[in-house]
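In what follows, a single structure is set out as structure tokens and then discussed.
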Amino acid sequence: MTAAKRLGLRENAAQFSLLLAVNAFVGAMVGLERSTLPLVGGEGFGLGSSAAVLSFIVAFGVAKALTNLFAGTAAARAGRRRLLIAGWVIALPVPLMIAVAPSWGWIVAANALLGINQGLAWSMTVVMKIDLVGPKRRGLALGLNESAGYGGVALAAGLSGWLATEYAARDVLVIAAAAIAVIGLLLSVLFVRDTAGHVALEQARDHAQADDQAPGLRHAFAQASYRDPALRSCSQAGLVNNLNDALAWGLVPLYLAAHCASVGTIGLIAALYPGVWSVAQIATGHWSDQVGRKPLIVGGMLVQSAALTLLALSDGATTPAAAAAILLGLGTALVYPTLIAAMSDAVTPIARAAVVGVYRFWRDSGYVAGGLIAGTVADALGFSAAIAIVAGLTAASGLWVLVDMPPTPALAGSPRPVHVRGN
């Protein structure tokens with residue numbers, strides 16, 4: 001079965017490109033909300049508290065984090081493609097629930113389903129691309145993957161913000177989300193192929209002496225959370241990265257609106273951050289293959305901290321807020337594909353889905369922490385104080401990686417595999 005399979009980006013260009021397209025649709029589902037849903041909470045449902053508005057991000061983060069945790073180990077048993085399709089099926093009710101929502105609780109519930117969709121669909125497209133390309137160009141592959149996903153986020157955020165100047169924000173969100181969910185499901189059902197054969201090939205070729213059983217959740221969780229310095233450093237950095245992403249998603253539109261920014265301006269700034277992130281991480285993913293993962297992770301977290309500091313000092317003015325969004329996008333581009341590549345470098349192929357699933361659990365728990373911290377601090381101390389606190393946490397995370405993470409090899413494909421037991 002594995003004899004006909006080949007590893008490599010060029011060798012699997014058709015399936016890789018298809019998965020890029022699918023991931024762009026996955027990202028677009030979230031991007032639609034970035035410039036519209038926080039405003040819908042205040043204008044459509046009369047929510048006056050930042051914490052109440054950001055409750056939809058908390059629900060999203062809890063659902064996505066837990067889904068990532070279990071999807072990693074389930075992938076070895078159920079198959080990547082089946083979980084990808086399941087993710088799109090779960091997305092189908094989301095636009096309907098938002099359309100008919102009589103209360104904000106329905107929006108929160110819809111975002112819990114969206115979190116499950118993202119946990120299954122994005123996780124599987126990530127893992128399947130890693131499966132296809134093998135170790136030597138892993139950073140580039142992940143840069144392309146995250147570029148497609150966050151390109152979808154940026155495009156959807158910008159277009160939905162622009163359309164919301166002419167039409168009702170909720171209508172824009174509902175119609176576009178329904179179309180995206182249907183297209184994503186059809187692409188996955190009709191054209192995506194599973195990558196189990198590529199996993200078996202890499203395991204047999206490069207890790208023949210390693211355990212050939214996928215690790216259980218308990219062992220993978222311990223390894224990625226606290227036992228191994230390389231893995232735990234990445235897990236905490238991923239959490240803090242998404243903590244500040246939650247702030248950018250949920251609090252920044254409210255911050256700008258409080259300083260009289262128009263819906264169009266909010267949409268532009270909401271799109272700048274993931275747009276820069278999307279384009280830049282193609283280069284940064286490839287760069288991490290050449291110089292190692294650690295320098296980019298440390299540098300990226302510190303750049304993000306500087307961007308948030310600038311945003312906190314901007315007083316909601318458009319020009320410095322836009323500059324902060326660009327800088328935040330650059331910092332995130334240094335970090336985002338590099339963290340997943342570093343996790344994948346450190347484990348054997350058979351353990352990859354489970355360990356990456358644990359990493360993604362911690363990373364997406366950042367949405368929960370970010371929603372809670374940003375919302376409660378903003379209510380108590382104001383928007384600028386909430387942003388400044390997150391900036392400090394981001395800098396501390398970068399210093400943690402600097403101290404705790406072992407030096408990484410300058411070439412992906414020369415990993416230091418962690419032994420993660422099969423049960």
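Values in this text are rule-based calculations from the coordinates and carry no lab data. Keep in mind that this is a model prediction, so the values were computed, not measured. FYI the Cβ positions are ideal-geometry reconstructions off the backbone, even for glycines, and counts take in every protein chain you see.
Quick notes on this structure:
- Acute angle (nearest 10 degrees) that the helix 196-206 long axis makes with the longest principal axis of the chain, alpha-carbon atoms: 50
- Estimated purely from DSSP H runs of n ≥ 4, each contributing -39500 (n - 2.57), the mean residue ellipticity at 222 nm for the chain is -26500 deg cm²/dmol once divided by its residues.
- Just checking the listed ones, ARG293, ARG170, ARG352: in the Gaussian network model of the chain with Cα springs under 10 Å, the one fluctuating most is ARG170.
- Candidates GLY158, GLY72, GLY44, ranked by Gaussian network fluctuation over the chain, Cα under 10 Å, top entry: GLY44
- Taking the number of Cβ atoms within 10 Å of each Cβ as an exposure proxy, the fewest-first ranking of SER262, SER123, SER233 is SER262, SER233, SER123.
- Long-range amide H partners of VAL347 with built H, under 5 Å: VAL418
- Normalised radius of gyration (Cα atoms, divided by 2.2 N^0.38 Å) for the chain: 0.92.
- Counting every other Cβ atom within 10 Å of each residue's Cβ, ILE107, ILE57 order from fewest to most as ILE107, ILE57.
- Acute angle (nearest 10 degrees) that the helix 318-345 long axis makes with the longest principal axis of the chain, alpha-carbon atoms: 20
- Normalised size of the range 96-169, defined as Cα radius of gyration per 2.2 N^0.38 Å with N residues, equals 1.47.
- Spin-label pair ALA258-ALA14: with each label point 7 Å from Cα along the Cα-Cβ axis, the two points sit 5.4 nm from one another.
- Residue of ALA24, ALA179, ALA353 that the Gaussian network model of the chain assigns the largest fluctuation, springs spanning Cα pairs under 10 Å: ALA179
- The residues neighbouring ASN68, those whose beta-carbon lies less than 9 Å from its own, together hold a net charge of +2 under the Lys/Arg +1, Asp/Glu -1 convention.
- With the simple spin-label model, which puts each label point 7 Å out from Cα in the Cβ direction, the PHE191 to ARG82 separation comes to 2.4 nm.
- Two-site FRET efficiency, VAL100 against GLU166, from Cβ-Cβ distance with R₀ of 22 Å, rounded to 0.05: 0.45
- Ranked list, fewest to most other Cβ atoms within 10 Å of each Cβ, for GLU11, GLU146: GLU11, GLU146
- With 10 Å bins from 0: P(r) over the range 135-261, alpha-carbon pairs, percent: 9, 22, 31, 24, 12, 3, 0
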